[in-house]
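The values are calculated or read from the model by the stated rules, or taken from the named source; none is laboratory data. If you're wondering where the values come from, they're calculated on a predicted model, not measured in any experiment. Cβ: placed from backbone, ideal geometry, glycine included. Neighbour counts: every protein chain shown. The accessibility values were calculated without ligands, DNA or RNA, using every heavy atom of the protein model including side chains. Shrake-Rupley method; radii C 1.70, N 1.55, O 1.52, S 1.80 Å.
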Amino acid sequence: MAYKISDECIACGACAAECPVSAISEGDGKYVIDADTCIECGACAGVCPVGAPSAE
Ligand code: SF4
Ligand code: SF4
């Protein structure tokens, strides 16, 4: 399963900069992960200050 960003996201953008496949983009008030592109590496979860990204 792809990673998903919860509503805890404060839209800092740190995860988007770390994603090796550029699966993360800025959405409406928070960042979103394209499930078809995500390779489940966990890098986004590792850099997020609020723990918003998680594997489903
Ligand atoms: Fe990108 Fe990896 Fe996060 Fe998937 S788990 S969105 S590939 S950083
Ligand atoms: Fe949101 Fe966390 Fe990504 Fe920052 S690093 S944009 S808080 S999911």
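Taking 0.36 nm per residue of sequence separation and removing the Cα-Cα distance, the CYS41/GLU26 pair yields an extension gain of 3.5 nm. For the chain, CYS9, CYS12, CYS19, CYS38, CYS41, CYS48 stand unpaired, since no other cysteine beta carbon lies under 4.7 Å from theirs.
Per residue, how much accessible area does the chain have with a 1.4 Å probe, in Å²?
Dividing the accessible area of the chain by its residue count gives 61 Å².
Computed from the C-beta positions of GLU8 and ASP34 and an R0 of 22 Å, the FRET efficiency is 0.70 to the nearest 0.05. Inter-label distance, MET1 to VAL50: 2.1 nm, where each label sits 7 Å from its Cα along the C-beta direction. When LYS30, LYS4 are compared by accessible surface with a 1.4 Å probe, the order from highest to lowest is LYS4, LYS30. Considering only TYR31, MET1, PRO49, the residue lying farthest towards the positive end of the dipole of the chain is PRO49, judged by Cα position with unit charges set on Cβ.
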